[in-house]
Amino acid sequence: MHLILITLLVMMSALLVIKKWPSLSRQEKTQWSLIMVIVGLGILAITGRMHWLGLAVAGLIAGLRMIVPWAVRLLPLLQQHLGAKAKSKQPPSPTPVAMSTFEALEILGLKEGATSEEIISAHRKLIQKLHPDRDGSTYLASKINQAKDHLLG
């Protein structure tokens, strides 16, 4: 008895939608089509003519059909948000300022009068530890390079 009432209710709803069909927008037509298909499959599942997993898969596909366009529109905003977070982790790169010899020696951990071999060796050790490709800071790597360039001149 309940099945007959549900079937009549679905048929009356479908007739109302069909009557308004020409005046509906494309998006509304798509939504109503998906709803009618899911309801029809639901009736088949309730009566035992279709497995409930088939209904679940059809519902998932219909849901994705509605969710994917919305997610695609939000993807650029998500990328901007994640990109802004990644950029905020690194300190802003300062404008290049002339480095003093004392500062360059201090950065490389050398004493005054260091030879070019010592400068190159100290630079190599530091840059291997702090290079951006090895999760180091671009700021520190640029300072190390600037110190070497200043001392070797």
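The values are calculated or read from the model by the stated rules, or taken from the named source; none is laboratory data. Computed from a predicted model, the values in this text were never measured in an experiment. Neighbour counts are summed over all protein chains in view; Cβ atoms, including those assigned to glycine, are modelled from backbone coordinates with ideal geometry.
The number of residues in region 98-141 being surrounded by 13 or more Cβ atoms within 10 Å (Cβ to Cβ), modelled with pLDDT under 90 and polar (S, T, N, Q) comes to 2. If I ask for residues that are part of a helix (DSSP H, G or I), closer than 18 Å to HIS2 by Cα and small (Gly, Ala, Ser), which ones from region 15-58 would you list? Those that are part of a helix (DSSP H, G or I), closer than 18 Å to HIS2 by Cα and small (Gly, Ala, Ser): GLY40, GLY42, ALA45. Read through the list (1) more than 17 Å from the chain's Cα centre (by Cα); (2) exposed (fewer than 10 other Cβ atoms within 10 Å of the Cβ), then give the number of the only condition that VAL72 fails. So the condition that VAL72 fails would be (1). Restricting to region 13-29, name every residue that is modelled with pLDDT of 80 or more and either closer than 20 Å to LEU44 by Cβ or hydroxyl-bearing (Ser, Thr, Tyr) (or both). If the condition is that a residue be modelled with pLDDT of 80 or more and either closer than 20 Å to LEU44 by Cβ or hydroxyl-bearing (Ser, Thr, Tyr) (or both), then SER23, SER25 are the ones that fit.
Look at region 69-96: where a residue is of a type in the set (Gly, Ala, Ser) and a partner is modelled with pLDDT of 60 or more, sitting 6+ places away or on another chain with Cβ atoms under 8 Å, you get SER93/THR138; SER93/TYR139; SER93/SER142.
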